[in-house]
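Step one of this worksheet: look at the structure below.
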Amino acid sequence: MSRRYDSRTTIFSPEGRLYQVEYAMEAIGNAGTAIGILSKDGVVLVGEKKVTSKLLQTSTSTEKMYKIDDHVACAVAGIMSDANILINTARVQAQRYTYAYQEPMPVEQLVQSLCDTKQGYTQFGGLRPFGVSFLFAGWDKNFGFQLYMSDPSGNYGGWKAAAIGANNQAAQSILKQDYKDDITREEAVQLALKVLSKTMDSTSLTSDKLELAEVFLSPSGKVKYQVCSPETLTKLLVKHGVTQPATDTA
Amino acid sequence: MECVFGLVGNGFAVVVADTSAVHSILVHKSNEDKIMVLDSHKLIAASGEAGDRVQFTEYIQKNVALYQFRNGIPLTTAAAANFTRGELATALRKSPYFVNILLAGYDKETGPSLYYIDYIASLHKVEKGAFGYGSYFSLSMMDRYFHSGMSVEEAIDLVDKCILEIRSRLVVAPPNFVIKIVDKDGAREYAWRESVKDTTDAPAPAPAPPA
């Protein structure tokens, strides 16, 4: 192992690897899973919460899902403080575009612009890369609903279904088997919850361990980003049979 | 004395500009094209300070092209207009561009549109607009004869009425005009209206004197 080539982000190892970038991806492998699924009428994002406590103010704070602009949201996996910086950067980039063009920023351009920022931290400045992976879900008039995944290297891709964080390989392979091209949003929710329940370490799924958000079009044609409330989430979990019913304690 | 005007018709937008390049009392040329093709479906008709006009419109044109290369999709007319206005606004309180612009475009989703952008970065989406001294005449004619959804024939007829007014009533009226149109098939030159031809042909050699 060429440990001598670890400490500087901006140099290659003799084997042609960027160790700092790879180590960043390792860090994300320990974070809570997030899954995104693209459907005909919307994009579904589901995340596993690592911080579960009744004391957490769930109505105002989210751990995994963030709104970037009216038409784009993201799920994060990795170091939360790094994620906050990038989310703010993405928000500023989206507004800067709208300021110049008076139109919402196309989703891919937003992802690309953020990834350009991430790439900078792998090439110059001597700063470490961001330890975050993102799943971007959004809608624009050019390509409709879209799902993008990006990682610390600044690479990104458009996906029909993707998973980041812990057990993402397992999640990805289940998604590969069960995803169908003409899936509806409701079916996508079901699939996401099912995949999450199979890959999560904990034995039972309850609404306080998850976050669920959807990006879809309202009847009037406006893009809506909606985070599921805990009550609705519990009902969904029961409906799709992925939760252990609460056992009555004597 | 530069005249630029334009209007929106049924599925198209037309812009007209005079074609004289003037410096003080001298007419450099009378076939200067002041309507730039911004991209396949957009036209910029510009009037104002000579150097600024070309500099600024070329800058906008190249940025619009760059956007398309980078992102694989063209800018909408509205986005291009807002971008143009933004550039004028940013330069306004540093080193202003003295250029007035009528931006005409056709978008598949929203049809034809015309944007009035003046040199101090005002932006208005309009059905008809004009700049310069000629605007006193062309706007009055358009106010009288314009209606929504005109056909190309009707619109060109109105354009000719405006040109006639400018020629007959403006003291140092430009002699020649160029008309360009943009519709679903793209942006293109429609016609010229010349009353004075640029004399570039050498005169015929004098006949040999009789022996």
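Take A:LEU196 and decide whether it is at pLDDT below 95, farther than 19 Å from A:ALA73 by Cα, open to solvent by less than 60 Å² (accessible area, probe 1.4 Å) and not in a loop (DSSP other than H, G, I, E, B).
Details: at pLDDT below 95: yes; farther than 19 Å from A:ALA73 by Cα: yes; open to solvent by less than 60 Å² (accessible area, probe 1.4 Å): yes; not in a loop (DSSP other than H, G, I, E, B): yes.
Yes: the conditions hold for A:LEU196.
Looking at the stretch A:172-184, which of the residues that are charged (D, E, K, R) and open to solvent by 60 Å² or more (accessible area, probe 1.4 Å) is farthest from A:VAL44 (Cα to Cα)? Reasoning before the result, please.
Filtering the stretch A:172-184 for residues charged (D, E, K, R) gives A:176, A:178, A:180-182.
In the following step, the residues that additionally are open to solvent by 60 Å² or more (accessible area, probe 1.4 Å) were identified as A:176, A:180-182.
Values: A:LYS176: 16, A:LYS180: 14, A:ASP181: 14, A:ASP182: 14 Å.
Selected residue: A:LYS176.
Is it the case that the stretch B:191-210 has a residue that's open to solvent by less than 40 Å² (accessible area, probe 1.4 Å) and touching a Ser or Thr at 6+ places or on another chain (Cβ under 7 Å)? Spell out the reasoning first.
Going residue by residue through the stretch B:191-210, those that are open to solvent by less than 40 Å² (accessible area, probe 1.4 Å) are B:191.
After this cut, where a residue has to be touching a Ser or Thr at 6+ places or on another chain (Cβ under 7 Å) as well, the list is none.
So far as the stretch B:191-210 goes, no, none of its residues is open to solvent by less than 40 Å² (accessible area, probe 1.4 Å) and touching a Ser or Thr at 6+ places or on another chain (Cβ under 7 Å).
Being open to solvent by 20 Å² or more (accessible area, probe 1.4 Å), polar (S, T, N, Q) and out of contact with any Pro (no Cβ under 9 Å at 6 or more places or on another chain) is the filter here, so list the residues in the stretch A:120-171 that pass it.
Matches in the stretch A:120-171: A:GLN123, A:ASN155, A:ASN167, A:ASN168, A:GLN169.
I'm checking my understanding of the structure. Among residues of the stretch A:68-107 that are among the hydroxyl-bearing types (Ser, Thr, Tyr) and within 14 Å of another protein chain (Cβ to nearest Cβ), which one is farthest from A:ALA31 (Cα to Cα)?
First pass over the stretch A:68-107, keeping only residues among the hydroxyl-bearing types (Ser, Thr, Tyr): A:81, A:89, A:97-99, A:101.
Then drop every residue that is not within 14 Å of another protein chain (Cβ to nearest Cβ), which leaves A:97-99, A:101.
Details: A:TYR97: 32, A:THR98: 33, A:TYR99: 35, A:TYR101: 37 Å.
Here the residue is A:TYR101.
Please state which of the following conditions B:ASP118 fails to meet, knowing it meets all the rest: (1) out of contact with any strand residue (DSSP E or B) (no Cβ under 9 Å at 6 or more places or on another chain); (2) within 20 Å of B:MET1 (Cα to Cα); (3) open to solvent by less than 40 Å² (accessible area, probe 1.4 Å).
Tallying (1) out of contact with any strand residue (DSSP E or B) (no Cβ under 9 Å at 6 or more places or on another chain); (2) within 20 Å of B:MET1 (Cα to Cα); (3) open to solvent by less than 40 Å² (accessible area, probe 1.4 Å), B:ASP118 fails exactly one: (1).
Give the residues of the stretch B:100-115 that are surrounded by 22 or more Cβ atoms within 10 Å (Cβ to Cβ) and away from every other protein chain (no Cβ under 14 Å), sorted by residue number. Break it down into steps so the answer makes sense when it comes.
First, the residues of the stretch B:100-115 that are surrounded by 22 or more Cβ atoms within 10 Å (Cβ to Cβ): B:100-106, B:112, B:114-115.
Passing the criteria: B:ASN100, B:ILE101, B:LEU102, B:ALA104, B:TYR106, B:PRO112, B:LEU114.
If you take the residues of the stretch A:60-79 that are without any contact (Cβ under 8 Å) to a residue 40 or more places away in the chain and either assigned to a loop (DSSP other than H, G, I, E, B) or over 18 Å from A:GLY36 (Cα atoms) (or both), which of them is most open to solvent (accessible area, probe 1.4 Å)?
First pass over the stretch A:60-79, keeping only residues without any contact (Cβ under 8 Å) to a residue 40 or more places away in the chain: A:60-61, A:66.
Okay, now just the ones that are also either assigned to a loop (DSSP other than H, G, I, E, B) or over 18 Å from A:GLY36 (Cα atoms) (or both), so A:60-61.
Values: A:THR60: 114, A:SER61: 55 Å².
Among them, the one singled out is A:THR60.
Filter the stretch B:80-113 for residues that are of a type in the set (Gly, Ala, Ser) and closer than 15 Å to B:GLN61 by Cβ and give the result.
Residues satisfying the conditions are B:ALA80, B:ALA81, B:ALA104, B:GLY105.
When the stretch B:1-34 is examined, which residues are found to be basic (Lys, Arg) and farther than 14 Å from B:LYS180 by Cα? Step through it out loud before you land on a result.
Taking the stretch B:1-34 first, the residues basic (Lys, Arg) are B:29, B:34.
Result: B:LYS29, single match.
If B:ASP185 passes every condition in (1) open to solvent by less than 40 Å² (accessible area, probe 1.4 Å); (2) modelled with pLDDT of 95 or more but one, which one does it miss?
For B:ASP185, the failing item is (1).
Which of the following residues is basic (Lys, Arg), open to solvent by 40 Å² or more (accessible area, probe 1.4 Å), without any contact (Cβ under 8 Å) to a residue 24 or more places away in the chain and more than 26 Å from B:HIS41 (Cα to Cα): B:ARG144, B:ARG169? Walk me through how you get there before you give the answer.
On the way: B:ARG169 fails: without any contact (Cβ under 8 Å) to a residue 24 or more places away in the chain.
That would be B:ARG144, the only listed residue that is basic (Lys, Arg), open to solvent by 40 Å² or more (accessible area, probe 1.4 Å), without any contact (Cβ under 8 Å) to a residue 24 or more places away in the chain and more than 26 Å from B:HIS41 (Cα to Cα).
Are there any strands (runs of 3 or more DSSP E) wholly within the stretch A:98-161 with 3 or more residues that are within 21 Å of A:ALA77 (Cβ to Cβ), of a type in the set (Gly, Ala, Ser) and under 14 Å from the mean Cα position of the chain (by Cα), and if so which?
Values: elements: A:132-140, A:144-150, A:156-158.
By residue number, A:132-140.
Consider A:SER113 carefully, then state whether it is of a type in the set (Ser, Thr, Tyr) and within 14 Å of chain B (Cβ to nearest Cβ). Full working, then the answer.
Numbers: of a type in the set (Ser, Thr, Tyr): yes; within 14 Å of chain B (Cβ to nearest Cβ): yes.
Answer is yes for this residue.
If B:TYR97 passes every condition in (1) surrounded by fewer than 21 Cβ atoms within 10 Å (Cβ to Cβ); (2) away from chain A (no Cβ under 14 Å); (3) touching a helix residue (DSSP H, G or I) at 6+ places or on another chain (Cβ under 7 Å) but one, which one does it miss?
(1)
Going by the structure shown, is A:ASN167 on the phi > 0 side of the Ramachandran plot and touching a residue at least 24 places away in the same chain (Cβ under 8 Å)?
Values: on the phi > 0 side of the Ramachandran plot: yes; touching a residue at least 24 places away in the same chain (Cβ under 8 Å): yes.
The answer is yes for A:ASN167.
The values are calculated or read from the model by the stated rules, or taken from the named source; none is laboratory data. None of these values were measured; they are calculated from a predicted model. Neighbour counts are summed over all protein chains in view; Cβ atoms, including those assigned to glycine, are modelled from backbone coordinates with ideal geometry. Ligands, DNA and RNA are stripped out before the accessible areas are found, and what is left, the full protein with its side chains, is counted by its heavy atoms. Shrake-Rupley method; radii C 1.70, N 1.55, O 1.52, S 1.80 Å.
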